[in-house]
Amino acid sequence: MDDSPPVGLRTVLKEWGRIGCTGFGGPPAHIALLRQLCVERRGWLDDTEFEDAVAACNLLPGPASTQLAIFCAWRVRGRAGALVGGAAFILPGLVAILALAVLFLAGHPPRWVHGAGAGAGAAVAAVAVQAGAGLAPASWRRAAGAPAPTASGSRAARSGSRVRWVLWLAAGIVAAATLGPWLVLVLLACGVAEVVAQRVRPVRALQVPPLLAGAGLGGGVLLSIAWLALKVGALSYGGGFVIIPLMQADAVEHYHWMTDAQFLNAVALGQITPGPVVHTVAVVGYAAAGIGGGLLASVVAFGPSFAFILLGAHRFDRLRADERVRAFLDGAGPAAIGAILGSAIVLAAALTQPWQFALLAASAVLLLPLRRGVVPTLLGAGAVGVVIALAGGPLPT
C-alpha cells in the first residue's frame, strides 16, 4: 500500500463527511463505517493496521471513535488529511446538534418540543446503562486474562487483578454519583493505583493531570466554557458518557447555565445526532453563551484529539507496547465504565414526573433484554413525550 498514489483531500472530505452525516449509533457504528471504508472498500489499511489503530485510540483519553477517524485520515493523507477528515467527521453532527439546541433550549419552546425533550431525556439513563454494560465484558476479560504482576503468573495474581477490577468499577460508580467535577481525579487515581499494584514504575506524566484537574479558571463565562470543554476532551476515558456527571455538575449545579431537564435534553440530542456523543458539550456551551459558546466548547473539546494524532500517531506502536500505559488503563478503564454506569444514577435523579420514570423503565427493557437501537428508542421516547404534552399531561419545569 505504500506504493499506491496518495489519496486526494477531496476524497478524504467526501468519505469522512459521509460518515459524519450517517454515523448514528455512537462509537460501534463509527468503527464499523470506518472499517468498511478504509479496509474493505478502499484497501487503505489492512485488518491488522486497523485493529491496532482501534486499540491505540482506546488507550487515549477523549472520544476514541473521533480519534480513530482522525488517525485513519492521517494514515491515508498525512496531517492535512487528518485535519480535513477530522473536521468532516465532526462538523455535520455539530451543525445538527446546535440547530436542535436552538429549538430545544429556547426560552419558551412550543409545548410539543418541551414534551419531546422530556420524553427523550427520560430514556437517557437507560442508554448510559447500556453503554456501560456493553463495555464491561471486554474489560473484564482483559482483567481476567491480564499478565500477572509476578513472573510466575499465578492464579492468585490473576484473582487479584479481578478483585481490583471490581474495586475500580465500584469507585467509578460511586464517584460519578457523588463527586461531580472531581470524578476525573478518581479515574486518574485508579489508573495510578493499578500501575503501583502491578509493580510497574509509574510514569511521571500520569501524576500531572490531577493537579490540572484540580485547578480552575476564572475571568468570565468563555473561560469557564473552555475549562469545562478541556476536561471533556482531555481527561475522559472510556467514551462520551464518562463525562456526563462532570458536565452536569458544572453546567447545572455550579454555573447554573441549564436546568436538569435541559441537560437531559442535551444528552439526548448528543445521542440522536450523528457523530460523537461529546457533541453534547456544544449544547452546554450554547446554553452558556449562545452559538459562540457552543463553537468554542467544540473546538476546545476536540482539540486534544487532533493534537494526540497529529503529534503522536507515529508513536502508536510504542504506546500500545508500553506496559506502564497498559497498566494505567487497566485501572482507569474499569473506573471509567463504572462512571458510565454511575452517570445513570445522576441522570435518573434529574427526572421529576412519574410518567418519565415509567418511560425510563420501558426504555431499559427495550435497550437491554430486547437489544433495540439507541436512536429508535430515544425517538420513540420523545414521541411519547409529545403525545403526553399535547394531551395536557404534566411536564418537568
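Solvent-accessible area per residue in the chain equals 42 Å², computed with a 1.4 angstrom probe and all protein chains kept. Both numbers refer to the Cα atoms of the chain; Rg and Dmax are 20.7, 68 Å.
Work out the length of the dipole vector of the stretch 10-54 about its Cα centre, built from +1 on the beta-carbon of each Lys and Arg and -1 on the beta-carbon of each Asp and Glu, and round it to the nearest 20 debye.
Values: 6 positive and 7 negative charges, 87 e Å.
So the dipole magnitude of the stretch 10-54 works out to roughly 420 debye.
The label point for V365 and the one for A32, both projected 7 Å from the Cα toward the Cβ, are 2.5 nm apart.
Using a Förster distance of 35 angstrom, determine the FRET efficiency expected from the C-beta separation of H108 and T22, and round it to 0.05. Let's see the in-between values first.
Numbers: r = 34 Å, r/R0 = 0.96.
So, using R0 = 35 Å, E works out to roughly 0.55.
In this rough spin-label picture, where each label sits 7 Å from Cα along the Cβ direction, the A133-R318 distance is 4.2 nm. Stokes-Einstein diffusion for the stretch 55-111 at 37 °C, viscosity 0.692 mPa s, with a Kirkwood radius from C-alpha pairs, works out to 251 µm²/s. Note on the chain: with neighbouring protein chains present and a 1.4 Å probe, carbon and sulfur make up 66 percent of its accessible heavy-atom surface. In this structure C38 has an accessible area near 0 Å², from a 1.4 Å probe over the protein heavy atoms. When each full DSSP H helix of the chain is screened for a Cα extent of at least 15 Å along its own axis and an average Kyte-Doolittle hydropathy of at least 0.5, the helices passing are 64-104, 111-145, 155-178, 183-197, 221-234, 260-272, 280-312, 323-349, 354-367, 374-390. Taking amide H positions as modeled 1.01 Å from N, with prolines and chain starts lacking one, the residues under 5 Å from G26 and 5 or more places away or on another chain are G275.
From the alpha carbon centroid of the stretch 333-380 to that of the stretch 63-119 is 22 Å.
The values are calculated or read from the model by the stated rules, or taken from the named source; none is laboratory data. Quantities reported herein were computed from a predicted structural model and do not represent experimental measurements. Glycine also receives a Cβ, built like all others from the backbone with ideal geometry; neighbour counts cover every protein chain displayed. Each accessible area value is taken on the protein alone, full model and side chains, heavy atoms only, with ligands, DNA and RNA left out. Shrake-Rupley method; radii C 1.70, N 1.55, O 1.52, S 1.80 Å.
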